[in-house]
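Before any comments, here is the structure.
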Amino acid sequence: MDTRALRNPYHDYDGSPASTQALFDAQGKITPEFAQRLSSTVSELLAVMENGLKSADPKDCTVYTGWAGIALLYLHLHRVFNEDSFLQRALEYVSRSLKCLTRRHDVTFLCGDAGPLAVAAVVYSRLRMTQEADECINRLMQYHQMVVNLSGGLPDELLYGRVGYLYSLIFINQQLGQDRIPLQYVQQISEAILVSGEHLSRKFRVQNQSPLMYEWYQEQYVGAAHGLAGIYYFLMQVGHLGWVIVVKLRGPVVGDVIIPVDIKGALWKF
């Protein structure tokens, strides 16, 4: 029977020093020899990828499956290896992405125009192209009102919803500084997600089981892409808002009693 798995030719790690002595030194750091092997392998895999990209969809701008995702890879490699050539490759691919933005209502980091704009802003900033970086951020912020509008039909999940847009803002602040995107914008998006979750929790009468509830095409999911796990995770990346989410899901503990919290009254007091 055919299988999609690859055979693993290596022995299991057994915990003995001998099993890692060629990989790590006595301080637990990667040995120069192993680091060189890793670097060489990265170069080999990049060559394979570049060759495969010759047949890639020229109109796929997204981080998920398109040019912006390749740009994000090279941006990460630049951070790891500090080689300017990687940053130049990131610029090349993100420029391709910006030329074929969807201009639809897909506003998320992975599947929409927000991702390419966020990645481009960081690449331009690293290259000291301040005007271009500012333009990308301004274009990204133009989606804000549509995202906070709870009556616009936008879902809350990661791939196509509010959390996907929220991560675009988080990504820029993580890369360029926490004040690059004004806090008020991040707060408003986060609050819209919380209010939406409260509404659905009441609608399905599950407040005691899940104070926040979300759905995707009339189905409730618990996973990362469309469900609670992904939404909770990225909400908890927003600085002090993480405490609000924990309190919302559990309630503050006083002795052995968990006290319910009105999230709208407590949201920005932590």
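The values are calculated or read from the model by the stated rules, or taken from the named source; none is laboratory data. Predicted model, so just to flag it, every value in this text is computed and none were measured. Note that each Cβ is placed from the backbone with ideal geometry, even for glycine, and that neighbours are counted across all protein chains shown.
Brief remarks on what is shown
- Listed conditions (1) within 27 Å of the chain's Cα centre (by Cα); (2) in a loop (DSSP other than H, G, I, E, B); (3) farther than 26 Å from ILE172 by Cβ are all met by LYS59, apart from (3).
- Residue-level analysis places ARG96 among those that are closer than 26 Å to HIS144 by Cα, part of a helix (DSSP H, G or I), out of contact with any Asp or Glu (no Cβ under 6 Å at 6 or more places or on another chain) and charged (D, E, K, R).
- Qualifying residue in the range 141-150 (condition: farther than 29 Å from GLU215 by Cα and either buried (at least 16 other Cβ atoms within 10 Å of the Cβ) or of a type in the set (A, V, I, L, M) (or both)): no
- Scanning the range 74-106 for residues that are in contact with a Leu (Cβ under 9 Å, 6 or more places away or on another chain), among the aliphatic types (A, V, I, L, M) and either without any contact (Cβ under 8 Å) to a residue 12 or more places away in the chain or more than 20 Å from LEU176 (Cβ to Cβ) (or both) turns up just one, LEU101.
- Selection over the range 207-235 of residues that are among the β-branched types (Val, Ile, Thr), touching a residue at least 60 places away in the same chain (Cβ under 8 Å) and not in a helix (DSSP H, G or I) gives a count of 0.
- Residue tally, condition outside any helix (DSSP H, G or I), surrounded by fewer than 18 Cβ atoms within 10 Å (Cβ to Cβ) and modelled with pLDDT of 95 or more, over the range 100-132: 3
- The sole residue among TYR221, TYR160 that is under 19 Å from the mean Cα position of the chain (by Cα), over 21 Å from LEU101 (Cβ atoms) and aromatic (Phe, Trp, Tyr) is TYR221.
One line per residue, one yes/no per condition, for (1) modelled with pLDDT of 80 or more; (2) not polar (S, T, N, Q):
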{"residue": "PHE204", "(1), (2)": "yes, yes"}
{"residue": "ASN208", "(1), (2)": "yes, no"}
{"residue": "GLY223", "(1), (2)": "yes, yes"}
{"residue": "GLY227", "(1), (2)": "yes, yes"}
{"residue": "GLY230", "(1), (2)": "yes, yes"}
{"residue": "LEU241", "(1), (2)": "no, yes"}
{"residue": "ARG250", "(1), (2)": "no, yes"}
{"residue": "GLY255", "(1), (2)": "no, yes"}
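- Restricted to the range 158-204, and to residues there that are in a loop (DSSP other than H, G, I, E, B) and touching a helix residue (DSSP H, G or I) at 6+ places or on another chain (Cβ under 6 Å), the residue that is surrounded by the most Cβ atoms within 10 Å (Cβ to Cβ) is LEU158.
- Count of the range 33-68 residues which are surrounded by 15 or more Cβ atoms within 10 Å (Cβ to Cβ) and farther than 25 Å from ASP106 by Cβ: 2
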